[in-house]
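Before any comments, here is the structure.
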Ligand code: PLP
């Protein structure tokens, strides 16, 4: 059966091309042109069964062979309301036919102002005064924007010597040069190592398997790790540090919930030394932890928040940076009133894109009308219980969870890091479930509309295939 499908698939891919000559990487020429992001291209293109998606609705994808795939990852941590909800699709299509594009430099349109206001009122943490929004295009551009705002803010206050950034090991902040520099994933940095930003330090990761393995939710050990920031301040001088950036829960490197009290301590140290705190909430925003932001969940207010993904339910690419009012005000005070002087030399052609704004507004309605953030909170105890039932299965060395984020970590095959995780991801897909693989960790982040039964299907599929992989 499997071989027949392989043949059918090969034929289909071959038919997609006008010439079926294999390219030098072994792929058919129909696949030659596309350079796939964050994908082992040669492996994917030479596979007998490349994972090709052609449709989506609710909790499911459909492959080009019309096979139904249960989405255990909300796409890439982003389709929080599930796929193609009619309400958001309609609003997006209406906008496309009304105002397809409008320049956001020197011109405005209603939906951008309305959306920024609603984000402040409905998503920004209730305490914290994060009441200004700058729109970007994605998570990476949100991070680079936040870093530029931090530098510009300090310069506006006469503190241009504050140029250093502090990131964290195992942090992911996208792929711009700013985000890469503060990010703490060696593989993402090494090809560009000579050109990363100067003056960046990294805090140690808070994850210690010997102390944390199989913790449900936040570990109790590790708040003191925040004090390393105090040491960095002593080393470099607070007068040189612009900002600390971190994900409240690092997601891409395998869901690492922060030790209880850690984020509060980071906040205190930043406040003491006039260092801006940026929470990168590209994953933790928009209900993943049952609240509008992780900041609200942890009750720790940063000075800036970066977000994307769930902002528009990923239907149209968009990102945003929330800042505190005084950050905005400091920059506004750099120019006199009534003259055409730009206060922040920054922006993207697609900042405030009308279609993204319409998709975002409809997404906010949808989250509210379907109570999706509360739903995430309600379902997370079952998610936790189900996920931790994998303890004791072959290869499993840790399981972590918070809200509707979860991870199962496997022991790596010596010399072949990632092999086991990749095989497990592939097998689950064959069995109709999409999971996310990074190295030998499988991450789960289902859409917030997931049911208990669907959680069990995802976990049972992992269990079955954990017993089958080598
Ligand atoms: N920051 C975090 C925390 C992320 O998880 C991601 C993407 O997963 C990014 C930034 C980059 O977002 P994008 O891929 O939209 O540029």
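Among (1) in contact (Cβ under 8 Å) with a residue 24 or more places away in the chain; (2) more than 19 Å from the chain's Cα centre (by Cα); (3) within 16 Å of the ligand (Cβ to nearest atom), there is one condition residue 192 misses while meeting the rest; what is its number? Going through (1) in contact (Cβ under 8 Å) with a residue 24 or more places away in the chain; (2) more than 19 Å from the chain's Cα centre (by Cα); (3) within 16 Å of the ligand (Cβ to nearest atom) one by one, residue 192 breaks only (1). Taken over segment 440-455, the criterion of being free of Cβ contacts under 8 Å to residues at least 60 places away in the same chain and in contact with a strand residue (DSSP E or B) (Cβ under 9 Å, 6 or more places away or on another chain) is satisfied by 440, 442. Listed conditions (1) away from the ligand (no atom under 16 Å from the Cβ); (2) under 22 Å from the mean Cα position of the chain (by Cα) are all met by residue 209, apart from (2). Only one entry in 128, 108 is over 23 Å from residue 283 (Cα atoms) and more than 16 Å from the ligand (Cβ to nearest atom), namely 108. Pairing residues of segment 96-117 that are farther than 10 Å from residue 352 by Cα with residues that are modelled with pLDDT of 95 or more, at Cβ distances under 6 Å and at least 6 apart in sequence or on separate chains, gives 96/355; 99/354.
The values are calculated or read from the model by the stated rules, or taken from the named source; none is laboratory data. Every value quoted in this text rests on a predicted model; they were computed, and no experiment measured them. Glycine gets a Cβ as well: all are built from the backbone with ideal geometry, and neighbour counts include every protein chain shown.
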